[in-house]
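Encoded as structure tokens, the structure appears first; notes follow it.
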Amino acid sequence: AQTVTQSQPEMSVQEAETVTLSCTYDTSENNYYLFWYKQPPSRQMILVIRQEAYKQQNATENRFSVNFQKAAKSFSLKISDSQLGDTAMYFCAFSMIKAAGNKLTFGGGTRVLVKP
Amino acid sequence: DVKVTQSSRYLVKRTGEKVFLECVQDMDHENMFWYRQDPGLGLRLIYFSYDVKMKEKGDIPEGYSVSREKKERFSLILESASTNQTSMYLCASSWVAYNEQFFGPGTRLTVL
């Protein structure tokens, strides 16, 4: 079974600064997907960024980027130029590549507070 | 835009009641999921469905059942609610060929 671990329950950052959230996972699979989801206080979970394990290039989405280290099974998220709207819970998630199901396994989450 | 809706944002029930949580998606997704979210535990999969009338147990199915009679609708049923089922319940859906899941706004269920 796959497991996902987020070791930082809470982090705070000043507006305009950079924060990095860590995520490690355990799997025996070679091909899979990794995701970072954001859940703001409104509770609507939205996808921030996605990484395919077979791609060596780290995914980037505007101010969000990842550092994917496949051998170390590490998948950290960097938020640059933090904005007040980035305040949210962030969840790291893992998914195997399957024909049916595509279940996600989530980490415990990291609460990020952006301070003005 | 993909839309996943859930029947209630907040729900209060009594121990022993039968509870129905309903989820509807409008993007013709094959897969639908029910998760439970608790502080420090993240989201844990209760059940999922990859086709009409098809269902599979997730990691924590005990005390829950599901129904999927139509492709767009996936119901979570608590046959006899208990206080330890007080939680946030999130529904999600996805296409088979694309692993991104789209989430509903969640239902915060309190069982007294």
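What follows is calculated from the coordinates using simple rules that are stated; it is not laboratory data. Predicted model only: the values in this text are computed from it and were never measured. Cβ sites come from the backbone with ideal geometry, for glycine too, and all protein chains shown count toward neighbours.
Per residue Cα convex hull volume for segment B:4-99, in cubic angstrom?
In segment B:4-99, the Cα hull volume divided by residue count equals 95 Å³.
State the answer as a single residue: which of B:N31, B:V4, B:M88 lies farthest towards the positive end of the charge dipole of segment B:4-99, with beta carbon charges of +1 for Lys and Arg and -1 for Asp and Glu, about the Cα centre.
B:M88
Can you tell me the relative contact order of chain B? Whole percent, Cα pairs under 8 Å, sequence separation 6 or more.
After rounding, I find 37 percent.
Thinking of chain A as a set of Cα atoms, what percent of all their pairs are more than 17 Å apart?
I get 52 percent for the Cα pairs in chain A exceeding 17 Å.
Quick check on packing: order A:71-79, B:8-16 by the mean number of other C-beta atoms within 10 Å, highest mean leading.
Averaged packing, sorted descending, gives the order A:71-79, B:8-16.
Using the Cα centre as the reference, give the magnitude of the dipole from point charges on the C-beta atoms of segment A:1-71 (Lys, Arg: +1; Asp, Glu: -1; all else neutral), rounded to the nearest 20 debye.
It works out to roughly 180 debye.
Could you give each residue of segment A:73-80 its phi-based ³J(HN,Hα) in whole Hz, using Karplus coefficients 6.51, -1.76, 1.60 with θ = phi - 60°, and x for Gly or Pro?
6, 10, 8, 9, 10, 10, 10, 9
Taking the Cα centre of the protein assembly as shown as origin, work out the dipole magnitude from +1 charges on Lys and Arg Cβ and -1 charges on Asp and Glu Cβ, in debye rounded to 20.
Magnitude of the dipole: close to 320 debye.
Among A:T105, A:A59, A:Q44, pick out the residue whose Cα is farthest towards the positive end of the charge dipole of chain A, where Lys and Arg carry +1 and Asp and Glu carry -1 on C-beta, about the Cα centre.
Of A:T105, A:A59, A:Q44, it is A:T105.
Taking θ as phi - 60°, what are the ³J(HN,Hα) couplings along segment A:39-48 by the Karplus curve (6.51, -1.76, 1.60), each to the nearest whole Hz, with x for Gly and Pro?
Per-residue couplings from phi come out as 10, x, x, 5, 6, 6, 6, 10, 6, 9 Hz.
Can you list the aspartates and glutamates whose alpha carbon sits under 12 Å from that of A:K73, skipping same-chain ones fewer than 8 residues off?
Once the sequence-local aspartates and glutamates are set aside, what remains near A:K73 is A:D26, A:E29.
How much of the pair distance distribution for the protein assembly as shown lies past 25 Å, counting alpha-carbon pairs only, in percent?
I get 40 percent for the Cα pairs in the protein assembly as shown exceeding 25 Å.
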